[in-house]
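Below is one structure, written out as structure tokens; comments come after it.
Nothing in this text is a laboratory measurement; each read-out follows from the coordinates by a stated rule. In this text the structure is predicted, and so the values were computed from the model without any measurement. Note that each Cβ is placed from the backbone with ideal geometry, even for glycine, and that neighbours are counted across all protein chains shown.
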Amino acid sequence: MNQNKRILIAVALLLAIVGIVLGVDTLQRQKAAADMPPGSIPIFIDGKFVASFVPEDLNQLKNVSFVDAEEGKTQDGWLLRDVLLLYLGEDNLQTKTEIMVSSSSREKTQTLTWAEVEDQQNMVIFDLSGRGTLKLVSTIPGFDIRDAWIQDVDKIEITTP
Amino acid sequence: MKQRYFSTFQLILLALFSALVVVAKIALRTPLQLPGHSGIFWMTIIIVGAKVVPKAGAASIIGITSGLLASFLGLGDFGALNTFLSYAMVGVASDLILLLLGGDSENPVVAVIVGIFGHLGKFLTKWLFGIISGAPIGFVALGLLRAIVGYILFGAIGGVLGWVTLKALKRAGFFAYLAEKR
């Protein structure tokens, strides 16, 4: 087989791989759409579903970033504070309000107070991971390392004591 | 005595390339906030390594060894297994496509295709992990197409840089020096 033929096979293989990835993704999205609005992360207040968090809405929010101390990588995205204010308004959020962000696939949970989330110095942000899921990151001591961050976030629960 | 597939000298070279992949991942920072941008230097190293040790399996050895190093150093956001398999797949995918293309990474088109496929191997590993772990699919939509394009583009750039580096090494007489060492 000559080189040109081999290159053509490689290009066809590349197109097939991209097609399969996008095809599987479309099928998965259609399946997910039956349960919830597509591409949404539910927000619950005191156990009651109040809103679902749609990816397109993030484009309205201000982009922020910081360089993490652990690996020196830039983490950029949208402040959790801005996301919550966009959907809930300040009335639902008091200084002692607890915000629990979780990932069922990772079996990880992080609970923060509204005071911590509201303080922009803490950089509690949703960073878009390389594969397109959201990761909750921060500079709060104890919650500033990868092991503590919440990858593949799929639920936000808010409770006010 | 039965001759080993890789000589000790070649294994040392492959180990050095593996370490270089990890060091580059830690030390080199690009201001691009795009998925897959690290493929620029990553694929350059793999392509050069696979030519310096011109045997099938050389890129896989670089991938697997760098994956082990990266896992033990705690690199990556999705755990050690994800990190190891992502790094390893870069090498394995590069080897497989080099086999298909006849192993001539001195050809710029071949180098670009190897760069793309090697880097896409990493993307596919991360994507499959997302499916298996049940990552929230809606948000994948936000970045999936952008991520694929990013991985392909930066893999291709890495391929070009690898080809340029190989040309420079050849001009400097590096391959003649290696031939003497063998």
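Data overview
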{"item": "Anisotropy class of the protein assembly as shown from Cα gyration tensor, a/c 1.5 cut", "result": "prolate"}
{"item": "For the protein assembly as shown, with +1 on Lys and Arg beta carbons and -1 on Asp and Glu, the positive-most of A:122, B:176, A:140 along the dipole", "result": "B:176"}
{"item": "Net dipole in debye of chain B [+1 Lys, Arg Cβ; -1 Asp, Glu Cβ; about Cα centre; nearest 20]", "result": "340"}
{"item": "Nearest-ten-degree value, helix B:108-133 long axis tilted from longest Cα axis of chain B", "result": "40"}
{"item": "Cross-link partners of residue B:25 among lysines (Cα-Cα below 19 Å; sequence separation of 8 or more within a chain)", "result": "A:73, B:122, B:126"}
{"item": "Helical mean residue ellipticity (222 nm; -39500 (n - 2.57) per DSSP H run of 4+; nearest 500) of chain A", "result": "-9000 deg cm²/dmol"}
{"item": "Integer Hz, Karplus 6.51/-1.76/1.60 couplings in order for region B:41-49, x for Gly and Pro", "result": "8, 4, 6, 4, 5, 4, 5, 5, x"}
{"item": "Neighbourhood net charge (10 Å Cβ-Cβ; Lys/Arg +1, Asp/Glu -1) for residue B:85", "result": "+2"}
{"item": "Residues whose placed amide H lies under 5 Å from that of residue A:40, excluding near-sequence neighbours", "result": "B:138"}
{"item": "Whole-Å semi-axes of the ellipsoid equivalent to chain B (Cα gyration tensor, √5λ, descending)", "result": "28, 18, 14"}
{"item": "Chain A: radius of gyration over Cα atoms, expressed as a fraction of 2.2 N^0.38 Å", "result": "1.27"}
{"item": "Net +/- balance of residues flanking residue A:63 in space, Cβ distance below 13 Å, scoring K and R +1, D and E -1", "result": "-2"}
